[in-house]
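J.: First the structure, then my questions, so here it is.
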Amino acid sequence: MKNQTRVFHGTPDYCRIVDWLYDEAYLLDHGRLQDWLELMAPEIDYRMPVRRAVVPKQGSGFDEESAFFADNLSSLKTKVERLSTDQAWSDQPVSLTRHMISNILVEKADGGFAVTSAFLITRVRADSPYDFFSGERHDLLKSVVDGLKLAKRTIFLDQTVLKSHNLSFFF
Amino acid sequence: MTEPSISRDICLNDGTSLKSLVNTDTGRIARRIFSDPELFELEKAHIFRKAWCFLAHESEFSDVGDFVTRSLAGEPVVLIKDDQDQIRAFLNSCRHRGMRLCRTDDGNTSYLRCPYHGWSYGKDGTLVSVFAEGFYVEKFLKKDELGLIPVTKVETYKGLIFGTWDENAPSLSEFLGDMKFYIDMFVGRTNAGAEIVGTAQIWDSNANWKLLAENSCDNQHLHTAHGSVVQLGLLPPDPLMLAGGNLVDAGGGHILHLVPGPPDPFFEDLGLPFELRAEFPANLSEAQRSVAKRTSFSVGNVFPNLSFLHVMIQGDPETPPTPFLNFRVWEPLSATKTRIRSFVLVDRGASAEFRKRSFETYVRTFGPGGIFEQDDMENLEECTKVNSGLIAQRYPLHHAMSLHMEPVKDFPGPGNVWPTSFGETAQLAFYQHWQDCLLTGEQLELAA
């Protein structure tokens, strides 16, 4: 991260972005998924690559072509609509999630900000096992007239074998 | 190949007859087979250490030294391309202390070197060097007897690499039998064959492997289990519209269903792009083409634990219905836990645009994040959990849908073929073969 483009902690832009991320997490953890969709830019590219177990010389292990998520706005809307039906059995009874977002690093980018954040997400549901998901998100937040919109999110999960039976929520 | 005749029965430790667990005449399956550790050990001995199990795809190996790590009957194996371009498979374990040699999912290496004391093996499995060789005398270090333990047999069918630990196993071709007719429609239909897109999704599920395999030939769950997707308009609202097509018992426990789409050429030939369909005549028989033509999607299971989905579907309303081809291995970790390794394949001759859209359609609909599979896992984990109860186990499960129906006589493809995709007869064939494997295996053990 270069000093010239870095947006430092405590500056007005940084505070705006932190608020945006907290607001987003609040919407996700309170089932306000329609409101969450309002935060997406029309060109949203929402993806979670598959990560292989590798040695350091092979790089990060994230595969360029494979994914657990490869969504655009239309497929995100479909997922949100699915969860709002009364037959989305994966989430009946409801999943309780908590998005804890930290380690936020911001850099100026073309038309907005490149934001890196760490997450720890917990999921609890009925008598199912307690699920933990940790990792990092790389976001592209675009400045628009009425605020910031998410144009791209890449989710780097800290797991090579997913220890959970589904990913029916959003990161 | 004729099935060995199974005259005798076997008693489980609590005195239950093994033959009582599966009743194909009435369509009743004992619930205990989905959680019983004793049966799980029998499965490992008589199914997973004997059957041909899927290990990898040829397209995962481009260069000499490329390797991938997999599991065969619950034991780690490594597959590596040797200097003669041959793909070899070995138990992933050093002969010295048993340490696992390759511990990444994949990679490229000149030698397989043990991280513990440095014993090193060539790509062909020969022991090349040991640490401080001067401290041994030859009679106590016979290097030619200390090569890696090979997977007993490794064979490939149309790019799919299988292995077995059984030296008496029939050839892979014989094992796949009539299922080859259908497998060809998926991986043998175009000139250049198929390849894996990227790498596998891997995840764990608290479900018994047989429930996962069985669900791969269960068209009757779509309307309810995937009711959310019906509500979204991405599946037909009338459940009976999905009842068309056929169920196939291809013998050897291999099963599948074949389902037509709406009457429109777009949905024929598995919905593939027309330029790929143009390659069918050079690669498929007339009978295979006739089956492909009437099929929009097909899901099935190659015994014991390799399921495939060739599904034409929409992951969202703005993308047109798009087919994808997915193979997944249900690797049992225990009686109630399964590791799923799921690969998307695409014809090498497909356009880059189709390859991308096909993969995206898979990811949006199947796999842990897909709008279909999220709910599948829910059902199969809950069934596993509830079926482990001893009160529950007093009452068998019900698999009698379309049990009264006779197989059709005029189907162009082989096997027992029923005139609907709504039925449990093919699933019963899977369970019958499962039971036969355990009975045959145990009798051989007793005779020995």
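J.: Taking just the alpha-carbon atoms of segment B:178-438, what radius of gyration and Dmax come out, in angstrom?
T.: So, for segment B:178-438, Rg and Dmax equal 17.6, 56 Å respectively.
J.: Taking segment B:119-173, which trypsin sites (Lys or Arg not before Pro) meet the DSSP loop condition and have no more than 13 other C-beta atoms within 10 Å?
T.: Working: sites: B:Lys123, B:Lys139, B:Lys142, B:Lys143, B:Lys153, B:Lys158; in loops: B:Lys123, B:Lys142, B:Lys158.
Those satisfying the criteria are B:Lys142.
J.: With 10 angstrom as the radius, rank B:Leu446, B:Leu232 by how many other C-beta atoms surround their C-beta, starting from the fewest. It would help to have the intermediate numbers written out before the result.
T.: On the way: B:Leu446 9, B:Leu232 21.
Neighbour counts put them in this order, fewest first: B:Leu446, B:Leu232.
J.: For segment B:340-434, which semi-axes, largest first and in whole Å, follow from the square roots of 5 times the eigenvalues of its Cα gyration tensor? Could the numbers behind the result be given before it?
T.: Values: eigenvalues 202, 123, 23 Å².
Over the Cα atoms of segment B:340-434, the semi-axes work out to 32, 25, 11 Å.
J.: Here is a further query. Sort segment A:1-82 into rounded, prolate or oblate with this rule: let a ≥ b ≥ c be the square roots of the eigenvalues of the Cα gyration tensor; rounded if a/c is under 1.5, and if a/c is not under 1.5, prolate when a/b is larger than b/c, oblate otherwise. It would help to have the intermediate numbers written out before the result.
T.: Details: a/c = 2.26, a/b = 1.07, b/c = 2.11.
Oblate is the answer for segment A:1-82, as a/c is 1.5 or above yet b/c matches or exceeds a/b.
J.: Give A:Lys2/A:Lys57; A:Lys149/B:Lys356; B:Lys123/B:Lys143; A:Lys2/B:Lys356 a once-over and call out the pairs whose C-alpha atoms are over 22 Å from each other.
T.: A:Lys2/A:Lys57; A:Lys149/B:Lys356; A:Lys2/B:Lys356
J.: Is the shape of the protein assembly as shown rounded, prolate or oblate, going by the alpha carbon gyration tensor and its root eigenvalues a ≥ b ≥ c, with a/c under 1.5 for rounded and a/b larger than b/c for prolate?
T.: Numbers: a/c = 1.61, a/b = 1.20, b/c = 1.35.
Since a/c reaches 1.5 but b/c is at least a/b, the shape of the protein assembly as shown is classed as oblate.
J.: Counting only residues 5 or more places away or on other chains, whose amide H sits under 5 Å from the amide H of A:Ser164 once H atoms are built in the peptide plane?
T.: B:Asp204
J.: Averaged over its residues, how many other protein chain Cβ atoms are within 10 Å of peptide B:337-348's Cβ atoms? Can you show the working numbers first?
T.: Details: counts 0, 1, 2, 3, 1, 2, 1, 3, 0, 0, 0, 0.
Partner Cβ neighbours, averaged per residue: 1.
J.: Ranked from highest to lowest mean number of other Cβ atoms within 10 Å per residue, what is the order of the peptides A:60-70, B:388-398, B:97-107? All intermediate terms of the calculation are to be shown ahead of the outcome.
T.: Values: A:60-70: 18.7, B:388-398: 12.6, B:97-107: 17.2.
Sorting A:60-70, B:388-398, B:97-107 by mean packing, highest first, produces A:60-70, B:97-107, B:388-398.
J.: So between B:Ala243 and B:Thr152, what do we pick up on full extension, going 0.36 nm a residue minus the alpha carbon distance? Walk me through the numbers before you get to the answer.
T.: Details: separation 91, 0.36 × 91 = 32.76 nm, distance 4.22 nm.
Answer, rounded to one decimal: 28.5 nm.
J.: Looking at chain B, what % of its DSSP beta bridges pair antiparallel, to the nearest 5?
T.: Numbers: 75 of 75 bridges.
Here the share of antiparallel DSSP bridges comes out near 100 percent.
J.: For segment B:53-157, what is the convex hull volume of its Cα atoms per residue in Å³? Before the final figure, lay out each step's value.
T.: Numbers: hull volume 10.9 nm³, N = 105.
Here the figure is 104 Å³ per residue.
J.: Rank the residues A:Lys163, B:Lys81 as a footprinting-exposure proxy: fewest other Cβ atoms within 10 Å of their Cβ go first. It would help to have the intermediate numbers written out before the result.
T.: Working: A:Lys163 12, B:Lys81 21.
Ascending number of Cβ neighbours within 10 Å: A:Lys163, B:Lys81.
J.: What is the fewest-to-most order of A:Tyr46, A:Tyr26, A:Tyr14 by other Cβ atoms lying within 10 Å of their Cβ?
T.: Values: A:Tyr46 21, A:Tyr26 13, A:Tyr14 18.
Placing the least packed residue first, the sequence is A:Tyr26, A:Tyr14, A:Tyr46.
J.: Right, here's the next one. What chymotrypsin sites (Phe, Trp or Tyr not before Pro) in segment B:122-186 are in a loop by DSSP, with at most 14 other Cβ atoms within 10 Å of the Cβ?
T.: On the way: sites: B:Phe131, B:Phe135, B:Tyr136, B:Phe140, B:Tyr157, B:Phe162, B:Trp165, B:Phe175, B:Phe181, B:Tyr182, B:Phe186; in loops: B:Phe131, B:Tyr136, B:Trp165.
Here the chymotrypsin sites (Phe, Trp or Tyr not before Pro) that fit, given the DSSP loop and packing criteria, are B:Phe131, B:Tyr136.
J.: In addition: Taking a quarter of the surface of the convex hull around the Cα atoms of chain B, what do you get in nm²? Let's see the in-between values first.
T.: Details: hull surface 93.3 nm².
Across all orientations, chain B yields a mean hull projection of 23.3 nm².
J.: Determine the calculated [θ] at 222 nm for chain B from helices alone, applying -39500 (n - 2.57) to every DSSP H run no shorter than 4 residues and normalising by the residue count; nearest 500 deg cm²/dmol. Provide the component values of the computation, followed by the final result.
T.: Details: 12 runs with 104 residues, N = 448.
Helix-only estimate at 222 nm: -6500 deg cm²/dmol.
J.: What shape does segment B:183-307 take by its C-alpha gyration tensor, where a ≥ b ≥ c are the square roots of the eigenvalues and a/c under 1.5 counts as rounded, a/b above b/c as prolate, and the rest as oblate?
T.: Details: a/c = 1.59, a/b = 1.19, b/c = 1.34.
Oblate.
J.: Further question: Using only Cα atoms, locate the centre of segment B:256-282 and the centre of segment A:132-171, then give the distance between them in Å, rounded to an integer.
T.: Spelled out, the Cα-based centre of one part sits 36 Å from the other.
J.: Starting from the Kirkwood Rh over alpha-carbon pairs, what translational D in µm² s⁻¹ does segment B:274-371 have by Stokes-Einstein at 4 °C and 1.567 mPa s? Walk me through the numbers on the way to the answer.
T.: Numbers: Rh = 14.9 Å.
Translational D for this selection: 87 µm²/s.
J.: Sorted by average packing, counted as other Cβ atoms within 10 angstrom per residue and highest first, what order do B:188-201, A:108-121, B:369-382 take?
T.: Working: B:188-201: 20.1, A:108-121: 17.3, B:369-382: 23.2.
Sorting B:188-201, A:108-121, B:369-382 by mean packing, highest first, produces B:369-382, B:188-201, A:108-121.
J.: Compute the relative contact order of segment B:53-157 as a whole-number percentage, counting only Cα pairs closer than 8 Å that sit 6 or more residues apart in sequence.
T.: Relative contact order here is 22 percent.
A short reminder: the numbers here are calculations on the coordinates, not readings from a lab. Quantities reported herein were computed from a predicted structural model and do not represent experimental measurements. Glycine also receives a Cβ, built like all others from the backbone with ideal geometry; neighbour counts cover every protein chain displayed.
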